[in-house]
Structure formats: C-alpha cells, structure tokens
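Inspection log for the structure reproduced underneath, given as structure tokens.
The values are calculated or read from the model by the stated rules, or taken from the named source; none is laboratory data. From a predicted model like this one, the values you see are computed outputs, not experimental measurements. Ideal geometry is used to build each Cβ from the backbone, glycine not excepted, and the neighbour counts take in all protein chains shown. We work out accessible area using only protein heavy atoms, side chains counted, and drop any ligands, DNA or RNA first. Shrake-Rupley method; radii C 1.70, N 1.55, O 1.52, S 1.80 Å.
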Amino acid sequence: MNLNFRLATLGDLPGLLALEQQCFTHDRLSARSLRWMLSRAHASLMLVQAGEALLGYGLVLFRHGSDVARLYSLAVAPQGRGLGLGRQLLERAEACARAQGCAWLRLEVRPDNPAALGLYAGQGYRRFARVEDYYEDHSPALRLQKRLL
C-alpha cells in the first residue's frame, strides 16, 4: 500500500469530518473546530492517505511560550487499523512538537480504549493524572505525557 503523509488543508475538511464519524461515537470534532484548527490555531494536522482514501490523522496543538505540546486527537479509519498508522502518526506528531521546541507531548485518552493505551505505552507515554467527568458521556480521561527532548 502506497501511503502519503502530509499536512492537512481546508480542502481536506470533508474527509476529516467523515473520519470523525467513522472513528468516534462521542466528542467528535465539528466542522467549525476543524476549520479553526486548520486556519487559525497554532497547530499541526498531519494526515495519511492511500490514494484518495483518508486513513488517519494526528492533531497537535502548541501554546506560545510553552515547551508542552498537546496531542489533541489521533484517528485511524477502520480500514487502516493494524497497519501501524497510529504509531507512524504519533511519531510524526512527536517530531513536529520537537521542531517547535517542545520538550513534552501530552494527551488525554479514555481508560476504556485499550488499543490507544497500548499504543501510547509502547511509545513511552506515562500516566500523570486522571480527570473525572472529562468526556461528553461523563467518562474520565487518563492524562499521559512523554519527554521529547
């Protein structure tokens, strides 16, 4: 399979919205949020395609003056799972954060998402907090981080 990793543009908005529908049952990014992330936010939205098919994305947010970046969302389409795309997107997110001078990458993940927890643990992320009533359905979130520099 010939994969293409690239930064997303506003033209990718329909595909990103479709991917949100495929990957998440709650807490989906809206068209408005994605448009803002692509055009105004201090962010990087990397996507992976096979031909015209959008298989996944990783969204990293940066804060001016901070050495902490946040992996805001990572999604892999059902047809792209099992190919190592989550790991590859995460590695690119880390590289992007390093290029912005960030020493840490942090994220939140549902405790009932074993695939994501396994991915992050395998890449060296460690839990540092639990936030109750974090998600739309009142589920908690585990906060993980990794030192990059």
*How many of the residues in the range 136-149 are farther than 19 Å from Ala69 by Cα and either surrounded by fewer than 14 Cβ atoms within 10 Å (Cβ to Cβ) or among the polar types (S, T, N, Q) (or both)?*
4
*Those residues of the range 108-134 which are small (Gly, Ala, Ser), closer than 19 Å to Gly82 by Cβ and in a loop (DSSP other than H, G, I, E, B), in sequence order*: none
_Quick check on the range 19-35. Is at least one of its residues assigned to a helix (DSSP H, G or I), of a type in the set (Gly, Ala, Ser), within 28 Å of Phe128 (Cβ to Cβ) and open to solvent by 60 Å² or more (accessible area, probe 1.4 Å)?_
no
*asked:* Anything in the range 92-135 that is of a type in the set (S, T, N, Q) and over 18 Å from Ala69 (Cα atoms)? List them, or say none.
replied: Asn113
_Any chance Gly15 is buried (at least 16 other Cβ atoms within 10 Å of the Cβ), modelled with pLDDT of 95 or more and more than 13 Å from Leu59 (Cβ to Cβ)_ = yes
*Could you list, in sequence order, the residues of the range 79-99 that are more than 20 Å from Gln145 (Cα to Cα) and polar (S, T, N, Q)?*
Gln79
*Note down all Cβ pairs under 7 Å where the first residue falls in the range 129-149 and is among the hydrophobic types (A, V, I, L, M, F, W, C), the second is open to solvent by less than 40 Å² (accessible area, probe 1.4 Å) and assigned to a loop (DSSP other than H, G, I, E, B), and they're at least six residues apart or on different chains.*
Val131/Pro140; Ala141/Tyr135; Leu144/Tyr125; Leu148/Cys102; Leu148/Ala103; Leu149/Ala103
_Residues within the range 7-16 that are outside any loop (DSSP other than H, G, I, E, B) and within 14 Å of the chain's Cα centre (by Cα), tallied_ = 2
